[in-house]
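Enquirer: Please read through the structure below; I'll follow up with questions.
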Amino acid sequence: MFRQLLDKVQGADIPMITSLLIFFVFFILVGTYLFIIDKKHLSYMSNLPLNEEPTAIR
């Protein structure tokens with residue numbers, strides 16, 4: 001199916017393949033970052049809105 005699309009659209013093969021590669025590289029980098037990130041920092045950031053005391057509006 002992908003090959004047929006590339007054959008029908010003239011001159012679109014480079015931008016389509018480039019955007020597909022950017023898409024996969026982005027999600028591989030995000031997935032890698034999620035495994036490397038410090039779990040304490042992740043826990044701190046997830047509880048941050050709950051730990052704040054309400055401030056009075058003057």
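Enquirer: Kindly indicate which of L20, L6 is surrounded by 10 or more Cβ atoms within 10 Å (Cβ to Cβ), among the hydrophobic types (A, V, I, L, M, F, W, C) and either modelled with pLDDT of 85 or more or touching a His at 6+ places or on another chain (Cβ under 9 Å) (or both). Working first, answer last.
Expert: Details: L6 fails: either modelled with pLDDT of 85 or more or touching a His at 6+ places or on another chain (Cβ under 9 Å) (or both).
Going through L20, L6 in turn, the sole match is L20.
Enquirer: How about the range 30-50: which of its residues are outside any helix (DSSP H, G or I) and either exposed (fewer than 10 other Cβ atoms within 10 Å of the Cβ) or in contact (Cβ under 8 Å) with a residue 12 or more places away in the chain (or both)?
Expert: Once the filter is applied, which keeps residues that are outside any helix (DSSP H, G or I) and either exposed (fewer than 10 other Cβ atoms within 10 Å of the Cβ) or in contact (Cβ under 8 Å) with a residue 12 or more places away in the chain (or both), the range 30-50 yields only D38.
The values are calculated or read from the model by the stated rules, or taken from the named source; none is laboratory data. Source: prediction; values computed, not measured. Here Cβ is always computed from backbone atoms with ideal geometry, including for glycine, and neighbour counts include all displayed protein chains.
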